[in-house]
Amino acid sequence: MKRIKLGHVLAAVVGTIAVLNTLSALSMPVPDRKAAPGLMVAWLALLALHAALYRFGDRIRRRWGIWAYAVAQAMKAGEIPRRNVDLAAASAIGVVLQAATYKVYGRFTGGLSAHHRFFSDAAWAVLAIKER
């Protein structure tokens with residue numbers, strides 16, 4: 001028996017919602033409540049994009065790894081500047097890995113979790129650097 005993947009099911013559900021939402025918007029009988037055609041297209045495009053992300057999300061995460069995928073999504077959302085995804089992800093991870101190495105060598109006391117705010121700020125600082 002073939003195993004059904006959750007991402008494929010979610011993509012089908014969101015795709016169905018996109019089609020039904022568009023059909024209901026097109027067939028709105030009350031002219032005052034009918035959405036503008038551009039808005040209907042925007043709704044359809046947004047829902048289709050979500051369906052595609054559910055459908056192909058596993059493939060994208062496998063290609064880049066979860067960290068690079070998260071960085072790519074942040075770039076896409078405009079949260080951080082666009083640049084080489086792998087370099088940005090490696091740099092942000094390196095902030096924590098270098099500190100973990102220092103911890104192993106006894107260079108500072110306390111657990112890494114005690115310094116989570118510092119790591120968060122340092123990773124954001126690395127990710128926020130703009131290309132020249």
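The values are calculated or read from the model by the stated rules, or taken from the named source; none is laboratory data. Please read these numbers as outputs of a predicted model, since none were measured by experiment. Every residue, glycine as well, gets a Cβ built from its backbone with ideal geometry; the counts of neighbours run over all protein chains shown.
Scanning the stretch 1-53 for residues that are surrounded by 15 or more Cβ atoms within 10 Å (Cβ to Cβ) and of a type in the set (Ser, Thr, Tyr) yields one hit, 22. Counting the residues of the stretch 1-36 that are more than 23 Å from the chain's Cα centre (by Cα), in a helix (DSSP H, G or I) and modelled with pLDDT of 90 or more gives 8. For the stretch 37-64, the set of residues classified as of a type outside the set (A, V, I, L, M, F, W, C), more than 23 Å from residue 89 (Cα to Cα) and under 13 Å from the mean Cα position of the chain (by Cα) consists of 50 only. Within the stretch 47-81, being free of Cβ contacts under 8 Å to residues at least 12 places away in the same chain and in a loop (DSSP other than H, G, I, E, B) holds for 77, 78, 79.
Quick grid of which residues meet (1) farther than 30 Å from residue 26 by Cβ; (2) outside the structural domain of residue 8 (by TED's automatic domain parsing); (3) modelled with pLDDT of 85 or more:
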residue	(1), (2), (3)
44	no, no, yes
82	yes, yes, yes
94	yes, yes, yes
102	yes, yes, no
106	yes, yes, no
109	yes, yes, no
116	yes, yes, yes
